[in-house]
Amino acid sequence: MSQNIYNPEYIKGLFNQMSSSYERVNYISSFGFSVRWRRQVLKKVKVTQEKVEVIDLMTGIGEMWNAIAHQLPNATISALDYSESMLEKAKNKNNLKYDGKVNLMLQNVLENELPTNHYDYVTCSFGLKTFNNEQIEVLANEIKRILKPGGQFSFIEVSEPRNKVLKFFYGIYIGGFIPVLGTMLFGRVNEYKMLWRYTKQFKDAKLASECFKSIGLDNTFHSFFFGCATGFSGQKDVNQC
């Protein structure tokens, strides 16, 4: 029987195995653009000096926190992930760079215990591709629930470029070179092959953007570096509860 690659337990195991090398390989596989893309998509939300509540979903080892702190300097940051190993790495970063001030939560975002109408901002970087369409719909409804009326959200994901030439060479790089590199440096060929498989099936963030719109979360689609990364940002209506 083939493995259900969207099973939460399977995905958690995958990221537990990659936790020690994921940040470096993610940086290499994006040609170093992953840091810039996070900053770019977060610039799509309103800058404020006010005290706000932010939650970073599928936080991994906290790669999004620096961009959040830059854009929202007085934010109280919470970070959620259900990979124990990823969150352990995030804990180390939290203690070393953020004085332990980030509130870490070990939870599955699709079955979470987060408070309703609580957060001013929801962010997520490179977590969408591991969801199928039904799971993205669940995610969208959870974002709608946990955001305050008027709250904002920002998502970004590595994507499959639409340009055929770029798509071909990007596929060779991500689907071939990166797994080989993962084997040589970290001994993780199958895990990094899976990341490209998720990316190919996800394609880009347009369907996710439309899903969010369909439940009343208006948003704008964004494309970065000729479609190698895509995302969307928007706001919960001030009259929505």
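The values are calculated or read from the model by the stated rules, or taken from the named source; none is laboratory data. Model, not experiment: these values are computed from the prediction. Backbone-built Cβ (ideal geometry, glycine too); neighbour counts: all protein chains shown.
Side notes on the structure shown:
- Going through (1) assigned to a loop (DSSP other than H, G, I, E, B); (2) at pLDDT below 95 one by one, Ala67 falls short only on (1).
- Qualifying positions in the stretch 140-165 - touching a residue at least 40 places away in the same chain (Cβ under 8 Å) and not in a strand (DSSP E or B): Ala140, Asn141, Ile143, Lys144, Ile146, Ser159, Glu160, Pro161, Arg162, Asn163
- Top-ranked residue of the stretch 94-116 - restricted to ones that are surrounded by fewer than 18 Cβ atoms within 10 Å (Cβ to Cβ) and assigned to a helix (DSSP H, G or I), ranked as nearest to the chain's Cα centre (by Cα): Leu110
- Qualifying residue in the stretch 117-128 (condition: over 21 Å from Ile5 (Cα atoms), touching a strand residue (DSSP E or B) at 6+ places or on another chain (Cβ under 8 Å), among the aromatic types (Phe, Trp, Tyr) and part of a strand (DSSP E or B)): yes
- Whichever residue in the stretch 196-231 is at pLDDT 90 or above and small (Gly, Ala, Ser) and, among such residues, is surrounded by the most Cβ atoms within 10 Å (Cβ to Cβ): Gly231
- Among the residues here, Ile61 qualifies as in contact (Cβ under 8 Å) with a residue 40 or more places away in the chain, under 24 Å from Phe232 (Cβ atoms) and either part of a loop (DSSP other than H, G, I, E, B) or of a type in the set (Ser, Thr, Tyr) (or both).
- Scan of the stretch 53-80 for residues that are of a type in the set (D, E, K, R) and over 25 Å from Ser20 (Cβ atoms), ordered by number: Glu53
- Glu84 being without any contact (Cβ under 8 Å) to a residue 24 or more places away in the chain, on the phi < 0 side of the Ramachandran plot and among the charged types (D, E, K, R): no
- Only one entry of Lys164, Lys193 meets the criterion of being of a type in the set (Lys, Arg), farther than 21 Å from Phe15 by Cα and at pLDDT below 95, and that entry is Lys164.
- Each residue in the stretch 28-62 was checked for being aromatic (Phe, Trp, Tyr), surrounded by fewer than 23 Cβ atoms within 10 Å (Cβ to Cβ) and either within 13 Å of Ser125 (Cα to Cα) or modelled with pLDDT of 85 or more (or both), and 1 pass.
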